[in-house]
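Written below as structure tokens is the structure these notes are about.
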Amino acid sequence: MADIRHVIEARRSVRRFDPRPVERDKIRLCLEAARLAPSAENSQPWRFLVLDDPDRIRDFSSRVFSGLYAPTRWAAKAPVLIVILAELDFLANRAGKFITGVPYYLIDVGIAGEHLVLRAESLGLGTCWIGWMDMRKARRFFGLPRRIRVCGVIAMGYPDSSVRKKTKKRKALDEIVRWNGWGE
């Protein structure tokens, strides 16, 4: 298994995939990593809808990545789309947001999604988290109940051979960290 630092440093958003299918065993390993994520009040709000049938991916993509969301239509060529959902419970997600103003379920699914993409990287898979999509059309496509929220999609597959690893452009640590208060 790869060293976690190497996996974090190597992970990139991949938007061009080799067309070969991803083995369901590997998808399950990624979903298992997501399942183990921490959550507010241990609510575990994440739910996953896995699309690995090319026709289903094409139908879904034609609806949710169209019009204003057309820049994301590249996702229709991914061998796997994992729709990230949240099932809201009363205490952690509804009452918590009302009291603090923080939608904890978004933090929770973000952590789960990051576990998923890091595990995918360790297995040689490329991923890209997609938020630019028509969430209402995604809800309708699956006929989701009201308590289920669509939070995004993770495109997954083996990176196309033309994908080159670029150096990540990140701010220096000193630009983003303050110690013991905001002032310098």
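Taken over the alpha carbons of segment 4-160 as equal point scatterers, the Debye sum produces base-10 log I(q)/I(0) values at 0.09, 0.20 Å⁻¹ of -0.28, -1.28. Taking 0.36 nm per residue of separation and subtracting the current Cα-Cα distance, fully stretching the chain between V102 and V177 would add 24.8 nm. Each residue of segment 16-32 is assigned a 3J(HN,Hα), and the resulting list reads 10, 10, 5, x, 5, x, 9, 4, 4, 4, 5, 4, 4, 4, 5, 5, 5 Hz, derived from the Karplus form 6.51 cos²θ - 1.76 cosθ + 1.60 (θ = phi - 60°), x at Gly and Pro. Computed over the chain, the per-residue total of -39500 (n - 2.57) for DSSP H runs of n ≥ 4 gives a 222 nm mean residue ellipticity of -10500 deg cm²/dmol, rounded to 500. Residues in segment 102-107 carry Karplus couplings, in order, of 9, x, 4, 4, 5, 5 Hz; the curve used is 6.51 cos²θ - 1.76 cosθ + 1.60 with θ = phi - 60°, and Gly or Pro positions show x.
Across segment 166-175, coupling constants 3J(HN,Hα) worked out from phi with the 6.51/-1.76/1.60 Karplus curve, θ = phi - 60°, read 9, 6, 5, 8, 10, 5, 5, 3, 5, 7 Hz, and Gly and Pro carry x.
Computed from the coordinates by the stated procedures, all read-outs in this text should not be read as laboratory data. Note that this is a predicted model, so its numbers are computed, not measured.
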